[in-house]
Structure formats: structure tokens, C-alpha cells
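Q: Below you will find the structure I want to go over with you.
The values are calculated or read from the model by the stated rules, or taken from the named source; none is laboratory data. No experiment lies behind these values; they were computed from the predicted model shown. Here Cβ is always computed from backbone atoms with ideal geometry, including for glycine, and neighbour counts include all displayed protein chains. Only protein heavy atoms, including side chains, enter the accessible area calculation; ligands, DNA and RNA are left aside. Shrake-Rupley method; radii C 1.70, N 1.55, O 1.52, S 1.80 Å.
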Amino acid sequence: MSSKRDFYEILGVDKNASADEIKRAYKKLAIKYHPDKNPGDKEAENKFKEAAAAYDVLSDANKKAQYDRYGHDAPGLNGGGGFSGGGFSFEDIFAHFGDIFSDGGGFSGGFGGRSRGGQRGPAPGEDLQISVSLTLKEISEGTVKKVRIKRFKVCSDCNGKGGTGTKNCATCAGKGQVRRRVSSIFGEMVNVTTCPDCGGSGEIISNKCRTCAGQKRVRAEDTIEVKIPAGVSGGNYLKLRGEGNASSQGGQAGYLIVHIEEKNDDFFVRDGQNLFCKVAVPIYKLALGGEQRVPTLYGEVKLKISAGLQPGTQLRVRGQGLPGYNSDYKGDIFVEVQAYIPENLSSREKELFVELSELGAGRDESREKGLFDKIKEFFS
Ligand SMILES: [Zn+2]
Ligand SMILES: [Zn+2]
């Protein structure tokens, strides 16, 4: 672990760099070393992953504070983000860094094989976006969601060809590209772009398909199954290749981007992989000790209550929280013990409570005395 490179060094920022500077530095590296730009380049791939791991920590105030204090050996740096194992895919990185890849800062359309920089060929279909809302139970095990989407599909009547027969495109005279003169502050320039009428092929269809009017695609409504891995969080997203709109120009279909949302849970509050809850334990059990059943996402556990346990105590149930992204290691449940006071006492119960209260009176007085003595000391 300690042989790892310094995270600040990896991103090339100063220890006092602002969150914005860290984000900018990461973006720059992510673009430079992105696998789409460096196909087959192992070193670039490692640099890309390294930058992602550094950003994972330095972009999170808690993890950053831990790292600043303890370095790579900081507890909780690994396992949380799932970036320690090395077994994650690039799609995972995008899912994890949803905030970065959704803010439009030069990334839109530039990733996941969609880069048009210098590449010729038909334009892909548009990306589509949906969101799915998950319960903690679904997040704990992963799930398959059926979703209905409206999208363009390849026209089956013409097999996505748009019709039969072709002729030269008049707009570009069969060249596939059009030149346009533009005036700018640098003088007049010639701008060469893909022909909008034939999409760069140089040809147009002579007998257009009637079903799709030569558009090569038709509107459709489908139900598809989206497989969601365990351990995701609200704000993550998944990119499904080929599940977006079919292309109107014979290119690949776009992505379906699935945004993850988290449903509120009645019992648990989530913090990363840990879950917090409150359980009211009858006062007899707190006084005498015993066992208390506590529901978990995986069944139930029996919590040991020691005699004299005070309300407000937090008990930890290890390994019953949520799994990490790409890791089976589970977080913990933290149970805040509350006292349940019996209501609507029967006359017999009332008698016993009165007896108890008389028995305990001496004890209570000495406790109170101790309390008042402390306050007196404080004022003297
Ligand atoms: Zn058609
Ligand atoms: Zn053309």
C-alpha cells in the first residue's frame, strides 16, 4: 500500500489545491489518458486508473482529510469506493464519477467510443436518459429493473437502409463533406463539415422506405431489463451501449444512461456502506440485560443487551450493512438504543412500579446528590 504514488503528485496539484482545481486537474488527466484516445496502451490505462483512484479520495472531503492525516494507510480509504482491487471497468469509473461526467464540461459525446474527432462514418443515434429508484434491499443485492422506454429502433421493413437504390447527394456532389466560408477574428476561414443531407456517405436513397420515410428508424416502445449491480448509490449512473436511439444515418445506436436514485427507507438511514437505525428496548430488558431482535436487510440479528445499558448507547452490528461497489465487503449497522416505557399500566404493574420506585429511592437520591455536588463545585 505505501508504495503507491502520492495522490496530489498523481493529479499534479498542490496540497492546498481547491476542490475546483482538483476537479480540473483530474478532468485534464482523464481526457489525456482516456482509453478511447489510447487504445491498447497499457501505461495510459494505468495512468487513467491511477488518476481516478486519486480523484476518488481527494474529491471527497472525508477521505481527503483521512488521507492528509494518514496517507495511503488511512482506514476506510480502500473498500469504500471499490477502487483498491483494480477489478473495475471504465464504465464503473463513469458511474462513480457521475458528477463529473454530467456537468457538460467538454465531455458530452466524447466518451465511450462516441468520439467523432477525426473519425469518418455515420453518426450514432442519440443517447437516452432514464432514472430508476431503488430500495436499500435492492441496493444490497443488486437487482434487475424492467423499464419501459420510448426510442427509435432500426426500421425492420428496410433493415435500416431507408429504402432501395442510391444516387449521388446533390448537396455535397457525392463528396460527403461540405465546405463553408466563415469569418472570424483571424480572417476568413474555410470550415469543412460532414454533409447534413447524406450524413457523410455521399449518397442518398432514391426509393425511400414508406414505413420510415427514409429515416432508417421508427418510433417504438420497449420494455427492457436493466441489470443493476449491488452497492450503487444515488447519483451514480450506468451507460448501456446500444440501448439508446437507433441512428438515422446507419451508425451505431446511442447509449441508454440509467441514473440511480435511492428511495428513503422507513427504518435505516444510509451513510456510505453503513446503516443507522434506532431501536426501542423495553426498560426491563435494559435493566436486566437480554437479547433484542433487530431487522436487517438480510434477515434479523439478535443484539446482546447488557444489564444496565443506558438509552442513547450506540451498538454496532458488523457486516450487516451494504456491500461496496464491486466488493463483497459489507459495512455495519449502528443501532441507537432507545428506552421503551410501558404505557397503560395494569393495577398490578402500577403496584410493582411503585414498589420499585420506593426501593430505588435511596439510590436515586445519592445519584442526584452527586449531580448537585458537581454543579456546586462548578460554581464555587
Ligand atoms: Zn424503413
Ligand atoms: Zn451529401
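Q: Taking just the alpha carbons, could you work out the radius of gyration and Dmax for the chain, both in angstroms?
A: Final numbers for Rg and Dmax: 31.1, 104 Å.
Q: Oh, and also: Using Cα atoms only, what is the angle between the long axis of helix 42-58 and the major principal axis of the chain, expressed in degrees (0 to 90) to the nearest 10?
A: 40
Q: If you fit an axis through the alpha-carbon atoms of helix 347-379 and take the longest principal axis of the Cα set of the chain, what angle between them do you get, 0 to 90°, nearest 10?
A: 80
Q: If we count every other residue with Cβ under 13 angstrom of THR164's Cβ, Lys/Arg +1 and Asp/Glu -1, where does the sum land?
A: Values: positive: LYS161, LYS167, LYS208, ARG210, LYS216; negative: ASP157, GLU203.
Combined, the nearby Lys, Arg, Asp and Glu give +3.
Q: Something else: Net charge around LEU303, counting only other residues with Cβ within less than 11 Å of its Cβ (Lys, Arg = +1; Asp, Glu = -1)?
A: Taking every other residue near LEU303 into account, the sum is +3.
Q: May I ask you to give the percent of accessible area on region 324-364 that is carbon plus sulfur, with a probe radius of 1.4 Å?
A: Looking at region 324-364 in its full context, I get 51 percent from C and S.
Q: Write down the accessible area per residue of region 301-380 in Å², having rolled a 1.4 Å probe over the full set of protein chains.
A: Heavy-atom accessible area per residue stands at 78 Å².
Q: Starting from region 292-372, pick out the GluC sites (Glu not before Pro) whose DSSP state is loop and whose Cβ has at most 11 other Cβ atoms within 10 Å.
A: Those that pass, being in a loop and sparsely packed, are GLU343.
Q: Largest first and in whole Å, what are the equivalent-ellipsoid semi-axes of region 113-263 based on the Cα gyration tensor, each being the root of 5 times an eigenvalue?
A: Details: eigenvalues 289, 99, 19 Å².
Working through the eigenvalues yields semi-axes of 38, 22, 10 Å.
Q: Ok, one more. Measuring from label point to label point, each 7 Å out along Cα→Cβ, what is the ASN62 to LEU371 span in nm?
A: For ASN62 paired with LEU371, the spin-label model returns 3.4 nm.
Q: Quick one: which residues, 5+ away or cross-chain, put their amide H under 5 Å from the amide H of GLU243? H built at 1.01 Å from N.
A: LEU256
Q: Quick one: what are the phi-derived ³J(HN,Hα) couplings along region 160-170, Karplus 6.51/-1.76/1.60 with θ = phi - 60°, whole Hz, x for glycine and proline?
A: Karplus-based 3J(HN,Hα) across region 160-170 equals x, 8, x, x, 10, x, 9, 9, 4, 6, 6 Hz.
Q: Moving on to the next point. What's the center-to-center distance, using Cα atoms, between region 191-225 and region 39-75 in Å?
A: Spelled out, the Cα-based centre of one part sits 44 Å from the other.
Q: Pull out a ≥ b ≥ c, the square roots of the eigenvalues of the alpha-carbon gyration tensor of region 269-379, then state rounded if a/c is under 1.5, prolate if not and a/b is larger than b/c, and oblate in the remaining case. It would help to have the intermediate numbers written out before the result.
A: Numbers: a/c = 3.60, a/b = 1.75, b/c = 2.05.
Here region 269-379 falls in the oblate category.
Q: Based on the Cβ-Cβ distance from LYS227 to ASP41, what FRET efficiency comes out when R0 is 25 Å, to the nearest 0.05?
A: Efficiency at R0 = 25 Å is approximately 0.25.
Q: As a check on your grasp of the helix formula, calculate [θ] at 222 nm for the chain: sum -39500 (n - 2.57) over DSSP H runs of n ≥ 4, divide by the residue count, round to the nearest 500.
A: The helix-only estimate for the chain comes to -8000 deg cm²/dmol at 222 nm.
Q: Also, quick follow-up: Counting Lys +1, Arg +1, Asp -1, Glu -1, what net charge surrounds LYS150 among other residues with beta carbon under 11 Å of its beta carbon?
A: Residues close to LYS150 contribute a combined charge of +2.
Q: Size of the dipole of the chain about the Cα centre, Lys and Arg at +1 and Asp and Glu at -1 on the beta carbon, nothing else charged, in debye to 20?
A: 2100
Q: Skip the ligands, DNA and RNA, and give the accessible area per residue of region 113-263 with a 1.4 Å probe, whole Å².
A: 60
Q: Compute the separation of the alpha-carbon centres of region 335-373 and region 119-182 and state it in Å as a whole number.
A: Spelled out, the Cα-based centre of one part sits 71 Å from the other.
Q: For the chain, what proportion of DSSP beta bridges, expressed in % and rounded to the nearest 5, is antiparallel?
A: DSSP beta bridges in the chain are roughly 75 percent antiparallel.
Q: Could you give the accessible area per residue of region 1-63, probe 1.4 Å, as a whole number in Å²?
A: 58
Q: Along the Cα-to-C-beta direction of GLU141, a point sits 7 Å from the Cα; which residues of region 239-275 have their amide N less than 12 Å from that point?
A: None, by backbone N distance to the label point.
Q: Only loop residues by DSSP count here, and only those with at most 15 other Cβ atoms within 10 Å; note down the trypsin sites (Lys or Arg not before Pro) in region 148-250 that meet that.
A: Those satisfying the criteria are LYS175, ARG210, ARG241.
Q: Whenever you get a sec, compute what percent of the accessible area on region 218-273 sits on carbon and sulfur atoms (1.4 Å probe).
A: Carbon-and-sulfur percentage of accessible area, whole number: 41.
Q: While we're here: Which of PRO323, TYR284, PRO311 sits farthest toward the positive end of the charge dipole of the chain, with +1 on the Cβ of Lys and Arg and -1 on the Cβ of Asp and Glu?
A: PRO323
Q: For ARG179 and ARG318 in one chain, what is 0.36 nm times their gap in residues minus the Cα-Cα distance, to one decimal in nm?
A: Length gained between ARG179 and ARG318: 43.4 nm.
Q: How big is region 189-278 by Rg and Dmax over its Cα atoms, in Å?
A: 21.9, 71
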